[in-house]
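Only one structure is covered here, and it is reproduced in the block below.
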Ligand SMILES: *[C@@H]1O[C@H](CO)[C@@H](O)[C@H](O)[C@H]1NC(C)=O
Ligand SMILES: *[C@@H]1O[C@H](CO)[C@@H](O)[C@H](O)[C@H]1NC(C)=O
Ligand SMILES: *[C@@H]1O[C@H](CO)[C@@H](O)[C@H](O)[C@H]1NC(C)=O
Ligand SMILES: *[C@@H]1O[C@H](CO)[C@@H](O)[C@H](O)[C@H]1NC(C)=O
Ligand SMILES: *[C@@H]1O[C@H](CO)[C@@H](O)[C@H](O)[C@H]1NC(C)=O
């Protein structure tokens, strides 16, 4: 009986600790959508980003992204980073963030930097 109780106590926490999984479709509060196709064993992943906001004249188009999730096998709320390769603009964006499980819901908290193409090094100061 003692052994049984002990093993139940050991199992219970792992059943309730839900892992945050990056794979799937994400929507942000501005209506942009991102799909992550699946995280490989080494943490690398790819996907697509469909932005709803842009400062360019050409309309936004589906753009590919490449990223890495840190420690894909043992972190329940992992950190990650990815680069979006915009297909409609002369610019690159990088995101860093963490995948949280909050009240049973998966949430990505991220920040990004956007680099536009400067004509010359003299215009570098406002390009990022
Ligand atoms: C994207 O990731 C999937 C696995 O999730 C893989 O099968 C595919 O080859 C990857 N594509 C590229 C372009 O890396
Ligand atoms: C991307 O978003 C636009 C709306 O902003 C939509 O018209 C278009 O179908 C979307 N593309 C894909 C592949 O989801
Ligand atoms: C994102 O998906 C929602 C529906 O889930 C749709 O209304 C919206 O137009 C999409 N936006 C883009 C940029 O794909
Ligand atoms: C995750 O695994 C890595 C390498 O296998 C290890 O260095 C790290 O301490 C582990 N983190 C946790 C929280 O177990
Ligand atoms: C990045 O975008 C360019 C321009 O659209 C495209 O030619 C290239 O294949 C893309 N590379 C990746 C890895 O997505």
Item checked: Among the candidates 48, 87, residue that is modelled with pLDDT of 95 or more and within 16 Å of ligand 2 (Cβ to nearest atom) -> 48
Margin query: Would you confirm whether or not region 64-80 contains a residue that is over 21 Å from residue 107 (Cβ atoms) and modelled with pLDDT under 85?
Written below: no
Item checked: Residues (more than 10 Å from ligand 1 (Cβ to nearest atom), over 14 Å from residue 95 (Cα atoms), touching a residue at least 24 places away in the same chain (Cβ under 8 Å) and surrounded by 12 or more Cβ atoms within 10 Å (Cβ to Cβ)) located in region 33-62 -> 43, 54, 56, 60, 61, 62
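The values are calculated or read from the model by the stated rules, or taken from the named source; none is laboratory data. From a predicted model like this one, the values you see are computed outputs, not experimental measurements. Note that each Cβ is placed from the backbone with ideal geometry, even for glycine, and that neighbours are counted across all protein chains shown.
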